[in-house]
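Just so you know, all these numbers are worked out from the coordinates, no wet-lab data involved. Since the structure is predicted, the reported quantities are computational estimates derived from the model, not experimental observations. Note: ideal-geometry Cβ built from the backbone for every residue, glycine included; neighbour counts use all protein chains shown.
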Amino acid sequence: TEEIILWGATTGRSMRAHWVLQEFGLSYETKPIGPRTGETQTAEYLAINQGKGPTLQHADLTLTESVAILSYVSQNFNAPSDFFVPNSRYEKARSDELTAFIAMELDAHTLYTMRLHGDITQFMVVHRQLWTLPRTISGSN
């Protein structure tokens, strides 16, 4: 099989990727770069990612979001017998829904969001627009 390389360590997002690779018993090379250390700003890393982690490389595929890495591993490698992998579209949709909730509502806390997006007032404008989007689509303003 092709080599798997996982860039990133020390953050919850990186640990998700390490966890799934360990659960699946996959051999992989670790490049333990840390955030806010300058390691994510090297030419080597910026060639595959825009400066954040984690990043998974497998064959000619590069994935840069932990949730995408979890999904890719669970859908493309043999899962352990006690590991839930959705088998139907319905199960996949529900699994994606819960994963998105965990990643965005439980994990993306305010300070991280502010640091990532800089100007919090602009972030709040976009947030309000997105919050009202379902009502706008349904016509129930």
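Per-residue packing, averaged as other Cβ atoms within 10 Å, sorts the ranges 84-96, 5-17 into the order 5-17, 84-96, beginning with the highest. Phi angles of the range 82-96 translate, via the Karplus equation with coefficients 6.51, -1.76, 1.60 and θ = phi - 60°, into HN-Hα couplings of 9, 9, 6, 10, x, 10, 10, 4, 5, 4, 5, 4, 5, 5, 4 Hz per residue; Gly and Pro are given as x. As an exercise, use a Förster radius of 41 Å and the Cβ-Cβ distance of E44 and A79 to find the FRET efficiency, rounded to the nearest 0.05. The formula returns an efficiency of 0.80 here.
One chain, two ends: W19 and A100. Fully extended at 0.36 nm per residue, the span grows by 27.4 nm beyond their Cα-Cα distance. At full extension, K92 and A59 could sit 9.4 nm farther apart than now, given 0.36 nm per residue minus the alpha carbon distance.
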